[in-house]
Ligand SMILES: Nc1nc2c(c(=O)[nH]1)N[C@H]1C(S)=C(S)[C@@H](COP(=O)(O)OP(=O)(O)OC[C@H]3O[C@@H](n4cnc5c(=O)[nH]c(N)nc54)[C@H](O)[C@@H]3O)O[C@H]1N2
Ligand SMILES: Nc1nc2c(c(=O)[nH]1)N[C@H]1C(S)=C(S)[C@@H](COP(=O)(O)OP(=O)(O)OC[C@H]3O[C@@H](n4cnc5c(=O)[nH]c(N)nc54)[C@H](O)[C@@H]3O)O[C@H]1N2
Ligand SMILES: [Mo]
């Protein structure tokens, strides 16, 4: 029997649309589980409102002007998880050794609640012990001053931090003397940041929310908005209601892409009427996106040639191509020599599907392409993105109303962190600006991203890791090697809100520094402070906490960074106190370094904030050629993965509906019909039959190396769930699956780990 068995796995098909009553119920449960008090619930209703705090969930923009409460189940979960009344106190740490805590699940660790005191690891008792802020900062600073080479320190950052804290973080690290900024972006949208500039001259998306009101077609490729950007469903709903077309391209059928009932629209919710989102859904082979995109372009150009030869209208936008682009001839030649068989085999789609998509694209005058981790986290992530741009350029779909490229960023301020200087590859102009304004000589040598940081720890070159948030050890590829690397360090410091696995991966000296979250009131010498964030569409706006702070010992992120900086940098010329006393001063400095932030403090007074200038959106191409460039992806790159996995399976790693990255809220994945567990392997009916496995069976999966040989990386006892997805591919949850990915398996250009295309074999447990 190949039907899923409820008894074994707690799974069932989910028939309701995404959103709706179930979303309200899940949000209420999250608040209840985190013991959020009623008074605080009221303050939740300020999320993404003009005077409240920015939702610490995703980076989807707010509808503008913000008039009503933008409900989002996963936003409520993110807030509840931060605003929880649970506390991980010194007494808790005294009772639990690190050895014991190591056995705890990630869910249980974070579920202990907010960190309350600065803590230092004590090897004698194997516990974290309370330490004063002064002592912790002094000891860390003394250690940092012992290293002769500043490049032996790694300054990690995660994208939840504000522009203000991120700016101070990079300033501290650069005055200290390094560009080592391993960052969550390196694991996320780095292929966007490095892939878009050679194509269109900016490393960001080119659209605003308003463009969704004017497009004819939205292509959603490699992202799952129902779970990861739920507020986007409201936008897609409007697009669909307007009669515009939405195409979904994903190896798995995702409920949130198929249909949506808005919790903001009670009638739709109660009657369980819902909006059909995707007009068409194409199940693509994992890693097959570039082949599909090349296929669409090949078909489009051949349709164009035929049309023009028979005296009919243009299919591609020749005028735009001639005026604005370079490299069309090379692209066309490459596409002509690429066979349909190759494109079909790699994409897993038939010619007729590719032709169908091409017709829809050709008929659309204004197309937006949205993408996420299904595109970036591959060996050819950067090329994938450049193929999306190529397709858009063929239709003249960049820099006009209702059209453009829309990378769905991850963390709520990951884009902002990059904008204000968290990058291991800073430009000379930016460093010069720092030098002029702050009167110190920043390092010009490029630093480490995550892969190089881990490598440098392994060789012993790196001695210290300072983390501004996040959970690097668990989020990184090759988890076991990453743990080993961190355990070699002399100093590990975490600036964090809640306990996670990274805090248990110990070096010689270890500190936990607890900070305020975005939901909390932040009072400094000049009074209550605001911070700012930048969303996926370059809108910068302010956020002000409204909740009482979780513990009186907490400090704000800017305050911790400033005290670390002024204690470490004995000859600093920067007035760190002045900046912390009033964050307006930090923003004035951001404006001085980055002119795009002109009148920063004034412009954030407006509800909804302001949009940073985007040259590509204005058809100004800041590339060396002065044009937008078609970038050819060689077929050797296209075929690499399919050669490797011809007779094997490809594994992708996904998020459940009940997690925020490594933060696990619960064990349910409602839209995929899973409850109560995460040790699951999703597989299609067809593939299960081929492999001789049944729903509820236990299997082991073993990762293969680049020559197709078995490695030691494996996951045992996963439970088979039959799922509506493409054959030849399987899926399981991140971060558990991170042990399966080699540190060497990454996109060659951006060095983003290939989390989403892991060649494996599967064997049935005896
Ligand atoms: N609630 C919640 N919100 C979040 C997050 C969270 O964990 N929880 N994380 C935040 C962060 S940091 C990020 S980066 C974003 C992530 O948001 P997404 O980009 O949506 O992230 P994923 O869940 O990793 O997977 C994306 C989708 O890609 C599909 N996919 C997998 N492999 C392929 C492929 O080869 N090709 C194609 N076309 N599709 C593929 C998967 O089936 C899945 O539907 O969300 C942000 N928002
Ligand atoms: N296999 C696989 N691996 C992946 C991915 C995948 O799809 N598959 N996705 C990758 C992606 S896209 C990303 S972005 C990374 C995520 O990598 P990270 O950003 O490093 O991880 P998070 O899980 O988001 O970090 C959660 C922790 O951040 C801390 N935190 C939360 N809020 C705050 C705050 O306001 N301030 C401070 N200082 N700390 C805070 C808490 O201690 C919490 O435990 O993982 C990557 N890893
Ligand atoms: Mo991300």
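The values are calculated or read from the model by the stated rules, or taken from the named source; none is laboratory data. Because the structure is a prediction, the values reported are computed rather than measured. Here the Cβ positions follow ideal geometry from the backbone for every residue, glycine too, while neighbour counts run over all protein chains shown.
Observations on the model:
- Test for residue 448: is it surrounded by 23 or more Cβ atoms within 10 Å (Cβ to Cβ), more than 16 Å from ligand 3 (Cβ to nearest atom) and in a loop (DSSP other than H, G, I, E, B): yes
Per-residue answers, yes or no, for (1) closer than 28 Å to residue 225 by Cα; (2) touching a residue at least 40 places away in the same chain (Cβ under 8 Å):
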residue	(1), (2)
652	yes, yes
676	yes, yes
680	yes, yes
692	no, yes
700	no, yes
718	yes, no
722	yes, yes
728	yes, yes
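- The single condition among (1) within 16 Å of ligand 2 (Cβ to nearest atom); (2) outside any strand (DSSP E or B); (3) within 25 Å of residue 451 (Cβ to Cβ) that residue 678 does not satisfy is (3).
- In the set 760, 739, 719, only one residue is at pLDDT 95 or above, in contact with a helix residue (DSSP H, G or I) (Cβ under 6 Å, 6 or more places away or on another chain), within 16 Å of ligand 2 (Cβ to nearest atom) and more than 30 Å from residue 35 (Cβ to Cβ); that residue is 739.
Residue-wise test of (1) away from ligand 1 (no atom under 16 Å from the Cβ); (2) crowded, with 24+ Cβ neighbours inside 10 Å; (3) part of a loop (DSSP other than H, G, I, E, B).
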| site | (1), (2), (3) |
| --- | --- |
| 370 | no, yes, no |
| 382 | no, yes, no |
| 434 | yes, no, no |
| 444 | yes, no, yes |
| 456 | yes, no, no |
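- Qualifying strands (runs of 3 or more DSSP E) (wholly inside segment 209-280; at least 1 residues being at pLDDT below 85 and surrounded by fewer than 19 Cβ atoms within 10 Å (Cβ to Cβ)): none
- Scope segment 199-222; condition closer than 30 Å to residue 743 by Cβ and in contact with a strand residue (DSSP E or B) (Cβ under 6 Å, 6 or more places away or on another chain); matching residues: 199, 205, 221, 222
- Any hit, segment 138-160, residues being part of a helix (DSSP H, G or I), more than 22 Å from residue 485 (Cβ to Cβ), touching a strand residue (DSSP E or B) at 6+ places or on another chain (Cβ under 6 Å) and in the same structural domain as residue 555 (by TED's automatic domain parsing): no
- Tallying residues that are in a helix (DSSP H, G or I) and within 16 Å of ligand 3 (Cβ to nearest atom) within segment 161-194 yields 10.
- Among the residues listed as 97, 66, the single one being modelled with pLDDT of 95 or more and on the phi < 0 side of the Ramachandran plot: 97
- Just one of the numbered conditions (1) more than 16 Å from ligand 3 (Cβ to nearest atom); (2) in contact (Cβ under 8 Å) with a residue 40 or more places away in the chain is not true of residue 737: (1).
- Filtered residues of segment 650-670 (kept if assigned to a strand (DSSP E or B), closer than 13 Å to residue 106 by Cα and near ligand 2 (Cβ under 9 Å from one of its atoms)): 659, 660, 663
- One residue stands out in segment 386-413 among those that are within 15 Å of ligand 3 (Cβ to nearest atom) and not in a loop (DSSP other than H, G, I, E, B): the one that is farthest from residue 190 (Cα to Cα), namely 411.
- The criterion of being crowded, with 22+ Cβ neighbours inside 10 Å and either within 16 Å of ligand 1 (Cβ to nearest atom) or closer than 19 Å to residue 109 by Cα (or both) holds for residue 477.
- Residues in segment 76-96 that are more than 16 Å from ligand 3 (Cβ to nearest atom), in a helix (DSSP H, G or I) and closer than 23 Å to residue 411 by Cα: 7 in all.
- Test for residue 587: is it within 30 Å of residue 497 (Cβ to Cβ) and at pLDDT 95 or above: yes
- Residues that are away from ligand 2 (no atom under 16 Å from the Cβ) and crowded, with 24+ Cβ neighbours inside 10 Å, drawn from segment 181-201: 196, 199, 200
- Listing of strands (runs of 3 or more DSSP E) fully contained in segment 458-516 that carry 3 or more residues being more than 21 Å from the chain's Cα centre (by Cα) and at pLDDT below 95: none
- Put simply, of 141, 136, 157, 165 the only residue that is modelled with pLDDT of 95 or more, under 19 Å from residue 561 (Cα atoms), surrounded by 17 or more Cβ atoms within 10 Å (Cβ to Cβ) and out of contact with any helix residue (DSSP H, G or I) (no Cβ under 8 Å at 6 or more places or on another chain) is 136.
- Screening segment 399-415 for residues that are more than 13 Å from ligand 2 (Cβ to nearest atom) and surrounded by 24 or more Cβ atoms within 10 Å (Cβ to Cβ) and picking the one that is farthest from the chain's Cα centre (by Cα) gives 403.
- Residues being over 18 Å from residue 388 (Cα atoms) and in a loop (DSSP other than H, G, I, E, B) - total across segment 611-638: 9
This table checks each residue for (1) within 30 Å of residue 325 (Cβ to Cβ); (2) crowded, with 18+ Cβ neighbours inside 10 Å; (3) away from ligand 1 (no atom under 15 Å from the Cβ).
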{"position": "637", "(1), (2), (3)": "yes, no, no"}
{"position": "649", "(1), (2), (3)": "no, yes, no"}
{"position": "659", "(1), (2), (3)": "no, yes, no"}
{"position": "665", "(1), (2), (3)": "no, yes, no"}
{"position": "673", "(1), (2), (3)": "no, yes, no"}
{"position": "683", "(1), (2), (3)": "no, yes, no"}
{"position": "694", "(1), (2), (3)": "no, no, yes"}
{"position": "713", "(1), (2), (3)": "no, yes, yes"}
{"position": "717", "(1), (2), (3)": "no, no, yes"}
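- Number of the exception - residue 360 against (1) within 12 Å of ligand 2 (Cβ to nearest atom); (2) assigned by TED's automatic domain parsing to the domain that holds residue 215: (1)
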